[in-house]
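What follows is calculated from the coordinates using simple rules that are stated; it is not laboratory data. All figures in this text were calculated on a predicted structure; none of them were measured in a lab. Counting neighbours? That spans all protein chains shown, and the Cβs are built from the backbone with ideal geometry, glycine included.
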Amino acid sequence: MDYLPRKERAEVYGIGGYDKGAIDYAYYNGRENNQYAFCTDDHVQRQYDCNQGDVGEPIDHTFKALQDGLEAVATIPLRPHDKGTLSPIGSVLMNALKISLLKDQIESRERKHFVESQKFKKTINKLCELTPSFDLSFSERGVVSQNIMSIKEGVVKKIKGLKPYPGFVYRSLYSDYISHLRKNDLLDCFF
């Protein structure tokens, strides 16, 4: 693939826009690209728009990915060796919860109202109601049921694993998330 031009190599390897901008800036004396937010690992839990793996507008991407992911889990019987495909759905759900928690950072009134809307909350809460599709065979329904349980267990594990804020003894991401979930009637089937 080294014979391909730089732009085509980036497309073949699945490099995103942020990566292209960074490579252009670092290696080809390109201009600084302020189109993409710069996030460190520390920013991921403190900024609503600092999400790993999203593309485009973070609220729209997270909402659509969560809708599609939960629909796919209910209808596609992924085999146990495919469990790695379930993890991104849990990550997208965590992004949705983070966006909901940090909605006060959203500058656009329209975007903030969308995050506060029943449509957004209902999509998050769909995990509580998720069941296998009726058009699956008996064995496929069993696989899908296990996959749904794996996602639910993974989300609970991720929330329970949230770390304390540096320097705060009595305040942690975990307690902030639990308070937020209870206050906003999110994932009440768990907490």
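General remarks:
- Integer Hz, Karplus 6.51/-1.76/1.60 couplings in order for segment 87-100, x for Gly and Pro: 4, x, 5, x, 5, 5, 4, 5, 4, 4, 5, 5, 4, 5
- Each peptide in 60-70, 128-138 gets a packing score, the mean of other Cβ atoms within 10 Å over its residues, and the list from highest to lowest is 60-70, 128-138.
- Residue pairs exceeding 30 angstrom between C-alpha atoms, taken from K121/K163; K103/K157; K20/K119: K20/K119.
- Long-range HN-HN contacts of S172 with modeled amide H, under 5 Å: Y165
- The packing ranking of peptides 146-153, 92-99, highest mean first, is 92-99, 146-153, where packing means the average number of other beta carbon atoms within 10 angstrom of each residue.
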